[in-house]
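Here's the structure, in structure tokens; my notes come after.
Bear in mind these aren't lab numbers, they're just calculated from the coordinates by the rules spelled out. Everything quoted here is computed from the prediction, not taken from an experiment. Cβ atoms come from the backbone with ideal geometry, glycine included; neighbour counts cover every protein chain shown.
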Amino acid sequence: MRKIIAGLDIGSCSLKLIVAEIIKSKTNILAVAESSSKGIKNGLIINKEEFFIALKEVLKKAEDMLGLKIRKISVTVPSYNTEFMMGEGITTITNEEKIIHGVDIVRAMQSSVYNRVPKEMEIVGITPTSFRIDEEEPIKNPLNCSGNKLYVKTVVSLIPKKNVRVLLDCLEKIGVEVIDIAHTAVGDYYALKNDKISNLVGAIINIGEGSTTISIFNKGVLTNTKSLEMGGQNIDNDISFIYKVTSEQAKAIVDEIGLAHKKLASPSSKKNVTNKLGEKISINQYELSEIIMSRLEEILNLAKKQINLLTKKEIHYIIVTGGISEMPDFELTLESVFGKNARIARIHELGVRNNKYSSCLGLIKYYNSKLMLRNKDFSIFSLEEQEELSGKQRKINISDNSMLGKLFGYFFDN
């Protein structure tokens, strides 16, 4: 069976949907779709009817590329009011060979949260930090090892039910089954993961359109996260207010001549527009970039402060992602705040080489890592659909009621 996974990232600016196939740990992009967000504020659904429109639009775009309906999907959820707790679980190995299989790993992880989740909260992630077989030393992956009992230590992340239930209901209403949910920060981490950061403590900053999320990872485990209600939209608002132009005009001006730092900006590079008052004005690149730089420095300094509040551990890496980080000369502003201690994310997969896709791409890689732990294959398409897809690939553009079952989706199935 081919391993084909779909991921949906719910952003304040846009919905992003990626369908990808995992082949020998490589992620091959089959379809990428994006639609403007409607009914969304800071990642939360505030208008279901408007959200339906955007959701149907992004699904149709991806389905048109594939020639197939998408009925199963992984999805990101906002990190507002996230809580973390430590868990410990145990299970007895019952098969005659006493070999640990994926189902045993899942059962041990389930037991680490049994009767521990408050009624108003939902589980977003159960991340194993270590396993132990019988009285032996801790190990990372017990799959196919032998023993009588399997112990696990986990980090469990929880969010209020209201943050996720509306989203799940909307997807269910249009016939799309949610097989997994994850924080956008977890998606970012898995999109950028490498051997170096896997064993270190670090921070990932995602500057989105409506908010900025700062997340702390300890050896690949999300341990704390905080969202600030500031992002790219604030830059557009600043420009709109100062020059008395519309938000759409402000965004277009930034895209055309805006730089993230004034150092290399030119006063002679200008954009002529007619503002909301009917006045013809000329905006030069240097003044515009001063405005952009000032707001970006504010956002990054607030993020820097949050990192110190979120952890007392020494930070070994800081990575900044999100669409704003693609702005020309962003690295100069980043260095002015963090020095040489931070870097901009880089996405290498063909078709999604833009940091705005990091959460969505990583969501797929994260789900695949869970499948690998379980030693299980999975595809959102049936074997018949996969055969149909193979014939069309040349035409594809590369560009129980508890949440516990929803959380792992097919990961829990036998």
How large is the translational diffusion coefficient of segment 83-157 in µm² per second when you combine the Kirkwood radius over alpha carbon pairs with Stokes-Einstein at 25 °C and 0.890 mPa s? 195 µm²/s
What ranking do 93-100, 360-367 get when scored by the average of other Cβ atoms within 10 Å per residue, highest first? 360-367, 93-100
Apply the Debye scattering formula to segment 254-369, with a single equal point scatterer on each alpha-carbon and no solvent, then give log10 I(q)/I(0) at q = 0.12, 0.14 Å⁻¹. -0.57, -0.73
Contour minus Cα-Cα span, residue 56 to residue 247, at 0.36 nm per residue, comes to 66.2 nm
Take the alpha carbon atoms of segment 276-326, find their center, do the same for segment 337-397, and report the distance between the two centers in whole angstrom. 28 Å
If you take every residue apart from residue 187 with its C-beta less than 9 Å away from the C-beta of residue 187, what net charge results, scoring Lys and Arg +1 and Asp and Glu -1? -1
When a footprinting reagent is the concern and you count Cβ atoms within 10 Å, what order do 35, 157, 269, 390 take, fewest first? 390, 269, 35, 157
Computed FRET efficiency, Cβ-Cβ of residue 48 and residue 177, R0 22 Å: what is it to the nearest 0.05? 0.75
How high is the FRET efficiency between residue 63 and residue 134 when r is their beta carbon distance and R₀ equals 51 Å, given to the nearest 0.05? 0.55
According to a simple spin-label model (label point 7 Å from Cα along Cα-to-Cβ), what is the distance in nm between residue 84 and residue 332? 3.6 nm
Filtered GluC sites (Glu not before Pro), segment 247-332: DSSP coil and at most 14 other beta carbons within 10 Å: 279, 314
Read-out Cα Rg over 2.2 N^0.38 Å, derived from the coordinates shown; its label in (1) 1.14; (2) 0.94; (3) 1.04: (3)
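Per-residue ellipticity at 222 nm for the chain, helices alone: DSSP H runs ≥ 4 residues times -39500 (n - 2.57), over residue total, nearest 500 deg cm²/dmol? Intermediate results must be reported in sequence, preceding the final value.
On the way: 11 runs with 138 residues, N = 414.
Estimated from H runs of four or more residues: -10500 deg cm²/dmol.
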